[in-house]
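Single-structure report; data block below.
The values are calculated or read from the model by the stated rules, or taken from the named source; none is laboratory data. Quick caveat, the model's predicted, so the values are computed rather than measured. Glycine also receives a Cβ, built like all others from the backbone with ideal geometry; neighbour counts cover every protein chain displayed.
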Amino acid sequence: MNGLFFYLFGFLAVALGLAAVLQRNVIKGGVALLGSFVSLGAVYFTSGAEFIGIVQVMVYGGAIIVLYLFALMTMDLEKMKEEPLRLGFVSAGGFLAGVLFLLIVYGAMSLEGAPSLTVSGAKELASPLFYRFLLPFEVVSVLLLVATIGAVAVGRREE
Amino acid sequence: MIEHFLSLLFIVGLMLVAVPPITYLERKVLGHMQQRSGPMVVGPHGVLQPIADAIKLIFKEDVIPRGADKLLFVFAPSFSVFAALLAASVVPIGFINAVPMKSGLLFVMAMSAISIYAFFLAGYSSNDKYSFLAGMRAAAQVLGYELPMGFALMAVVILFGSFDFNEIVKWQQTHGWGIFYQPIAFVIFLIMMVAEVCRPPFDLPEGESELVGGFHTEYSGMRFAAFFFGEYINIIVLSLVVSLLFFGGWSGPLADKHPVLGVLYHLLKAGFFIFLTFWLRATFPRYRFDQMLNIMWKIFLPLSILNIFIAAVEALFVG
């Protein structure tokens, strides 16, 4: 039963992800991306990682897509529709996507067997994060702080 | 398995059946608070008014405005009900627990976070300036309340040491109600809850006096009703959650011997918070948009972060 839902939501996540990229209407694309993120959360659910699944829905579905759509709605969408496809952008994006795809395939190849499906709650996730991987965790948080301060500094109007 | 299924049926049934009487009660309560009688015509003291409303809504013509984004326009109201019912399914009422989940509290949060898309998409897809503005307001509001609400809940979770509703109630049965430990979290959560369901004084996305009807200006018939079902189910669910987190849920005198009493206690506690939303609606004027953002970001966010430290100290001593 779980396996069936795993493949169903996995397929949905990929299909909606494709729809998000191919959709010409950006708002609809954003909604498709939301569907993709929520299906990804459901994939976590079916593989036993309940906590990560919920956080996925909450952070990506609840916060990030709202920000995307909020920003998109303040723009002139009609003007964006008429924007022609530029060869430079398409080829650069394609190149990056290709590199990313190869990296993921490489990562999947180097995996030894399927990851064990233990039910993971908040505690099982938190203790390695705060003990074993404390330094990388803190480095990432400093990186995010730098990004936030940078964004505020760039976004602020000159007085 | 059959037990879970029956519980799920009960909870979903309860949510759907409870909405019409609640709308009636709301109008009555509002009426009496404003020195009027409220609905009086249909049936004795207007008790049959919800049925009349339902018949009207069912037979009303369903209009999709020209130039609307049809797919999203049809999708948005059902999304509202869908998210609300999903959140309802994990909240235990007494011994009735449809989907026992280790991270139940977080799941309710996630569902309420995505339920705002119903307003947002309705506002966008209607192809109407008022609805569009309402959609923008809904998006800004969700960014405002989500953080203080999350932090307030984190403080509570640090104290209880669990996301599981059953564990949370068990903790309170031995240590006393959560409100005695976390009054600040309670106040913040209560206010954010009103903002979350877009009820006055935080009904900015609806704003009848300035935006006509806000996100549901262009909706009619059952699609319009779906928004109301979503909104009221959300109120019921969040009231149940508040009474679970801060008022011991189904604990009370004799509740451990007679589980049915526990269900009753829980529903009564939740009923008080449902009444509170009517009360707030009758008492406070709507916040202006900038005022709403100001209090969310400048008062409640720092306060809720401060409260996490209080919770950590309490957790050290009480454990």
task: Identify all residues within segment B:121-141 that are in contact with a Gly (Cβ under 6 Å, 6 or more places away or on another chain), of a type in the set (Gly, Ala, Ser) and either within 10 Å of chain A (Cβ to nearest Cβ) or without any contact (Cβ under 8 Å) to a residue 12 or more places away in the chain (or both); write none if there are none.
output: B:Gly123, B:Gly135
- request: Would you be able to say whether some residue in segment B:177-191 is in contact with a Pro (Cβ under 7 Å, 6 or more places away or on another chain), surrounded by 24 or more Cβ atoms within 10 Å (Cβ to Cβ) and within 14 Å of another protein chain (Cβ to nearest Cβ)?
  value: no
- prompt: Within segment B:265-288, restricting attention to residues that are of a type in the set (Lys, Arg) and not in a helix (DSSP H, G or I), which residue is surrounded by the most Cβ atoms within 10 Å (Cβ to Cβ)?
  reply: B:Arg286
message: Any residue at all in segment B:75-83 that's over 16 Å from B:Phe215 (Cα atoms) and of a type outside the set (Ser, Thr, Tyr)?
response: yes
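Rundown of residues vs (1) part of a helix (DSSP H, G or I); (2) without any contact (Cβ under 8 Å) to a residue 60 or more places away in the chain, yes/no style:
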residue	(1), (2)
B:Ile158	yes, no
B:Asn166	yes, no
B:Val169	yes, no
B:Thr174	yes, yes
B:Ala185	yes, no
B:Ile188	yes, no
B:Met192	yes, no
B:Cys198	no, no
query: Checking B:Phe215 against (1) out of contact with any Pro (no Cβ under 6 Å at 6 or more places or on another chain); (2) under 29 Å from B:Lys28 (Cα atoms), which test does it fail?
result: (1)
message: Anything in segment B:27-46 that is charged (D, E, K, R) and either outside any helix (DSSP H, G or I) or within 14 Å of another protein chain (Cβ to nearest Cβ) (or both)? List them, or say none.
response: B:Arg36
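Residues checked against (1) at the interface with chain A (Cβ under 9 Å from one of its Cβ atoms); (2) buried (at least 24 other Cβ atoms within 10 Å of the Cβ); (3) free of Cβ contacts under 8 Å to residues at least 24 places away in the same chain:
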{"residue": "B:Phe75", "(1), (2), (3)": "yes, no, no"}
{"residue": "B:Ala84", "(1), (2), (3)": "no, yes, no"}
{"residue": "B:Gly94", "(1), (2), (3)": "no, no, no"}
{"residue": "B:Val99", "(1), (2), (3)": "no, no, no"}
{"residue": "B:Lys102", "(1), (2), (3)": "yes, no, no"}
{"residue": "B:Phe107", "(1), (2), (3)": "yes, yes, yes"}
{"residue": "B:Ser115", "(1), (2), (3)": "no, yes, no"}
{"residue": "B:Phe119", "(1), (2), (3)": "no, yes, no"}
task: Give the residue, chosen from B:Phe73, B:Phe79, that is under 22 Å from the mean Cα position of the chain (by Cα) and within 24 Å of B:Cys198 (Cα to Cα).
output: B:Phe79
field: Positions within segment A:15-32 being at pLDDT 90 or above and closer than 21 Å to B:Gly123 by Cβ, in sequence order
entry: none
